[in-house]
Every structure is written in C-alpha cells, then in structure tokens.
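What follows is calculated from the coordinates using simple rules that are stated; it is not laboratory data. In this text the structure is predicted, and so the values were computed from the model without any measurement. Cβ sites come from the backbone with ideal geometry, for glycine too, and all protein chains shown count toward neighbours.
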Amino acid sequence: MADPLIILLLVASPEVGDNVTSSMSASAREALGPQAHVLVENRRDLPSDEEALVLATKAHAKAVVELRAATGGSGTRMLLHAHVPGQGGWIDRTLTFSSIDDPSERGRTAGLAVASMMPLEWRMPPPRVAPPPPEKRTPPPPVKEPWREKVAIDLAGLVALGGARPAWGGQAVVRVDITRVVGLRALGGVRFGSVPDADADATTVSFGGGAAFRVAASPSDAPRWELGLSGDVLALRQSLRREDVTESRWLLGVQATAEAAWFFVHHVGIVGAVSEELAFGATRVFVGPDRVATLTPFQTLVKAGFRLRF
C-alpha cells in the first residue's frame, strides 16, 4: 500500500466557509487519488513561511498550502500560496470568481488548482479497468440423429415350389442396418416335403447370410412401408427318410429375394417375400440300383409372416 499523501491547508479568511473547504478537499482528493488527504486548519492569521513549514512537519504533510480570500465589488479572489518539495520554493496562484458563482464550485476549482501544483509522480494514475472477460460462448448442443430402428427380425412361413410336390416350412431372418439403405442379414430355415417316386419324406435345412438393400420406403425414420432386395449364400442339408433309412448330403447354394413390409403398429408389421434358390448340384434318388427321382436345384420360395423392428 502507498504512503498517504498529506497536504496541510491553512485558511485565514472568514469568507471561506466549510462548504468551500470541504468541496476543495474532495476535488483535490479526486484528482490526486484515494491516498491523498487534505488537512484543513482555520487560523486568524496566516503564519510566516518558516512557521508554515514547521506546522507541515508536525502534521507529517508533504506539502503546505495557504489560502486567503478577498471579496471586492466584482467578485472574489482566492490566493493560493503553496510549498511543494522539488518545485523550487513557494508557488503562488490567483483564482478569480464572480459573485454569482456557487461556493461549492469555487472550492472544487481551488481543489483542482491545488492538485495541479503537486508533482506528477504524486498523482495517482486512474485505476486500470480490467478488460471484460471474453464472452463464453456455449457450444450448441450436438445435433442428435433421430433415433431409428436398426434391427429387424422376420418370422415367416414358406412354401417351396419346383419339385414334384410343394414343401412347407418356416424361416427366421435377422437384419442389422449399417446405413439407411444397406444392411447385413443372417437366416435359417427348414422345410418339409416328400418324394412320391421313392416313397420317402424330404427335409431341407438351410442357413446362411448376405446383404440386404432397402430400395424404397415411406418418408420417415420409422417408415410405414418399405421395399427391399437381398442376396444370400446358403448351406443346404437335404435329407431323405424311407422307412427306417435316412440319407443326407450338404450342398452350397445362393438365394435372391424381393420383399415388402407394411407396419400396422410402430414395431410390428407384415412381411411378404419371394426368393429364388439355386443349389450347386442336383440330388439323384436311387432305390436299389434304380434312379427313381432327381431333386431339382431350383426352388421358388414364397414367404409370409411378421417383421419386428427394434
């Protein structure tokens, strides 16, 4: 904390009232800074210069100012007689005021004159105003992509056409969307039929997977209807059972599917599909040494069921 700046003000004129000296002290303190203090001492007569300096030393004042006022017909004159170290002795200023000037304004002007007599280093610089902190800009909340279902499960019954007699069965498909258009899927199914020429029951188990494509849909994150295509690679296990004898074989195959779905509630809909299945090889059926039938590698599968989406 800086040392206080004390200025001793000696007043010996009855024309100078308290309203003048108080206004004078306030304006000097305002100009010099909060460390400045003006001590006012009213006297009948002003002391000599040597006595004034002694009084300043006793009051621990760095400067002493004598104020004398003289009132004439045209107004009031204030005489300031000041001693400030480093200013080359005593300094005199004369201020002239009109008779209509307000006393407090006279004191304010005199206080500013006293402050101007002080050395520049005594004058406290105006307080530094810290720049306002940078405005904190709240980043906009991340835009969330509207939630949509990305997993669909189909449970459907099917009929397989292409052999001597149709086969019946069911299929389950799980599809996971990668984008709004492309997804991956896995499937498994079973169908049951017969081979009359061999008097045998036929069972085909299939499982595999591939890619699914949504080619059209109603404009919504949860579409009311949608159309799709898919392609799968299959592993097929064909089995024939005649009396107590069962023979089976594994084949690879592919399947292409066109499908349509309509949702009567948000998560549940009806799905229908048509698939063309091709097994890589025909299965020939023998009874003893005679070939009695051949299982065609081509099958048309017609499916209908329910689709659940999550």
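Convert each backbone phi in the stretch 251-266 into a coupling constant with the Karplus relation 6.51 cos²θ - 1.76 cosθ + 1.60 (shift: θ = phi - 60°), then list the ³J(HN,Hα) values in order as whole Hz, x for Gly and Pro.
Result, ordered by residue: 9, 8, x, 10, 8, 10, 9, 10, 9, 9, 9, 9, 9, 8, 10, 4 Hz.
Rank these for me by crowding, 7, 270, 178, 100, going from fewest to most other beta carbons within 10 Å.
On the way: 7 27, 270 15, 178 11, 100 6.
Neighbour counts put them in this order, fewest first: 100, 178, 270, 7.
With springs connecting C-alpha atoms under 10 Å apart, model the chain as a Gaussian network and identify which of 214, 175, 29 has the largest mean-square fluctuation.
Judging by the Gaussian network model, the answer is 29.
Can you tell me the dipole magnitude for the stretch 164-243 around its Cα centre, using point charges on the Cβ only (Lys, Arg +1; Asp, Glu -1), in Debye to the nearest 20?
On the way: 10 positive and 8 negative charges, 34 e Å.
Taking the Cα centre of the stretch 164-243 as origin, the dipole is about 160 debye.
Provide the gained length on full extension for the span residue 98 to residue 243, in nm with one decimal, where the gain is 0.36 nm per separating residue minus the Cα-Cα distance.
Working: separation 145, 0.36 × 145 = 52.20 nm, distance 13.83 nm.
The residue 98-residue 243 span can extend by a further 38.4 nm.
May I ask for log10 I(q)/I(0) of the chain at q = 0.06, 0.10 Å⁻¹, from a Debye sum over the Cα atoms as equal point scatterers with solvent left out?
The calculated log intensity ratios at q = 0.06, 0.10 Å⁻¹ are -0.47, -0.72.
Where does the chain land at 222 nm, in deg cm²/dmol rounded to the nearest 500, when only DSSP H runs of n ≥ 4 count, each adding -39500 (n - 2.57), divided by all residues?
That calculation yields -4000 deg cm²/dmol at 222 nm.
Please list, ordered by chain and number, the residues whose modelled amide H lies under 5 Å from the amide H of residue 36; skip anything fewer than 5 residues away on the same chain.
5
Would you be so kind as to identify which of 42, 198, 12 lies farthest towards the positive end of the dipole of the chain, taking Lys and Arg as +1 and Asp and Glu as -1 on Cβ and the Cα centre as origin?
The one lying farthest along the dipole's positive direction is 198.
What size of dipole, in debye to the nearest 20, comes out for the chain about its Cα centre when the only charges are +1 on Lys and Arg C-beta atoms and -1 on Asp and Glu C-beta atoms?
On the way: 33 positive and 33 negative charges, 218 e Å.
Roughly 1040 debye, rounded to the nearest 20.
Positive end of the charge dipole of the chain (Lys, Arg +1 and Asp, Glu -1 on Cβ, about the Cα centre): tell me which of 161, 219, 78 has its Cα farthest that way.
So the residue we want is 161.
Can you find, among 263, 132, 171, the residue sitting farthest towards the positive end of the charge dipole of the chain, where Lys and Arg contribute +1 and Asp and Glu -1 at Cβ?
Of the candidates, 171 comes out farthest on the positive side.
Roughly how many nanometres apart are two label points built 7 Å out from the Cα toward the Cβ at residue 207 and residue 229?
Each label point lies 7 Å from its Cα, and together they span 2.9 nm.
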